[in-house]
Structures are given as C-alpha cells and as structure tokens.
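The structure appears below as structure tokens.
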Amino acid sequence: MEPGGQDINLNSPNKGLLPDNMTEVPVGPGGVCAPADAAGAVLPEGLTEAEAEELRIELAKVEEEILTLRQVLSAKERHAAEIKRKLGQTPLNQLKMNLSKSLQEVQMSNAYKKTQETLTQAGQKTSAALSNVGTAITRRLGDMRNSTTFKSFEERVGSMKTRVSTGREENGSANLHSSDSKSQDTAPF
C-alpha cells in the first residue's frame, strides 16, 4: 500500500481500503459518538445485531469473490496478452483492425447511406449545372467568333502576321522594333 494511506493501483485487490493501523470512529449527528455493535460498527436504525452480523458475513463473502474475480481477470488478461504476442498482434495492428471494423459499421449505418445518396445526388446536379455552364460559354464564344468585331480583329491580326512574316523574309533576322514608321502607324492597338 501507498504510504499516504490508500492503494492507488487500480488493479490492486486492496484498492480504496484503509491501512490496518487506521480505524474508523463512529460519529453520530452533531459529532457525538454513535452507539456501536459488538464489532465496533454503527448499527443503522431498524437493524438488529444479528441482521448486521449476517450482512457483514455476506459482505465478506462478496468482497472475497470480487478479489478472486479480479485475480482471475488479471490472469486471463495476461494470458490473452501472451497469446496476442505469439500471434504477432501488436497494439498498432489491433488499433488498425478496430478502426477498420468501426469504419465498416459506419458504412453500414442508415445515416451514412442516406448521406451518401444525398451527396451523390448533389454531385450529379452540380455536374449537370457545370455542363450547362460549359455549353453556354461555348455557345457564347461561338456567337462572339461570328460577330463582326471579332472578324475585324481576326483580319487585323492576320494582316499583321503577314506583314511581320514578309518583313523577316526581306530583312533576314531583322529586329521587329525597327525605326520604320510605317509599321508603327498601322499597329492595330
């Protein structure tokens, strides 16, 4: 037991018991010592000494059974740990198996299935909406390409490309930024 008076080991059969050198003093209302039975314990009202003795015997038996069960449980836990060690089941592997099992249980739940259905429907609706937006943009770009403004712009770019190409052929690898005022005057921008 701990020197402070109580055993703090949760697996200990003496958990929570007072050491032998400490005894309880029966105290009644107002701090006055209460009448005690032959064993020194306070008798509750309406309980005879014989009934109290029967209860004490039963309590001792139950506490002895609890102690035995704790010892058996401890032995079984040690045995299970040894078997797991022999099987190569580490705490990490067990955690993985528990998480996998939990995930499967979640996936089998009705709430998960309903959420999955809802998200699938939302995804389909979003996909359809994006497809419609893409179609509308394509149509608008097609309309824009057929507009007179775009055709005029396209013609200017084409003519500028032709002039730049022919200028290179004439001047070899001449610099495009020449001091030719003609090319600067006809720039489309």
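The values are calculated or read from the model by the stated rules, or taken from the named source; none is laboratory data. Note that this is a predicted model, so its numbers are computed, not measured. FYI the Cβ positions are ideal-geometry reconstructions off the backbone, even for glycines, and counts take in every protein chain you see. The area values use the complete protein model at the heavy-atom level, side chains included, leaving out ligands, DNA and RNA. Shrake-Rupley method; radii C 1.70, N 1.55, O 1.52, S 1.80 Å.
With both labels modelled 7 Å from their Cα along Cα-to-Cβ, the LEU69 to GLU49 distance reads 3.3 nm.
Across the stretch 43-54, rounded Karplus estimates of 3J(HN,Hα) from the backbone phi angles (6.51 cos²θ - 1.76 cosθ + 1.60, θ = phi - 60°) give 8, x, 4, x, 10, 7, 5, 5, 5, 4, 5, 4 Hz, Gly and Pro being marked x. From the P(r) of the stretch 50-176, can you give the percent of Cα pairs sitting at distances over 17 Å? Looking at the stretch 50-176, the distances longer than 17 Å represent 83 percent of pairs.
Between THR148 and LEU119, 0.36 nm times their residue separation minus their Cα-Cα distance comes to what?
On the way: separation 29, 0.36 × 29 = 10.44 nm, distance 4.52 nm.
Value of the extension gain: 5.9 nm.
LEU119 contributes about 120 Å² of solvent-accessible surface, heavy atoms of the protein only, 1.4 Å probe. Other residues with beta-carbon under 13 Å from the beta-carbon of MET108 carry, at +1 per Lys or Arg and -1 per Asp or Glu, a net charge of +2.
Each residue was assigned an accessible area with a 1.4 Å probe, and for MET160 the value is about 70 Å².
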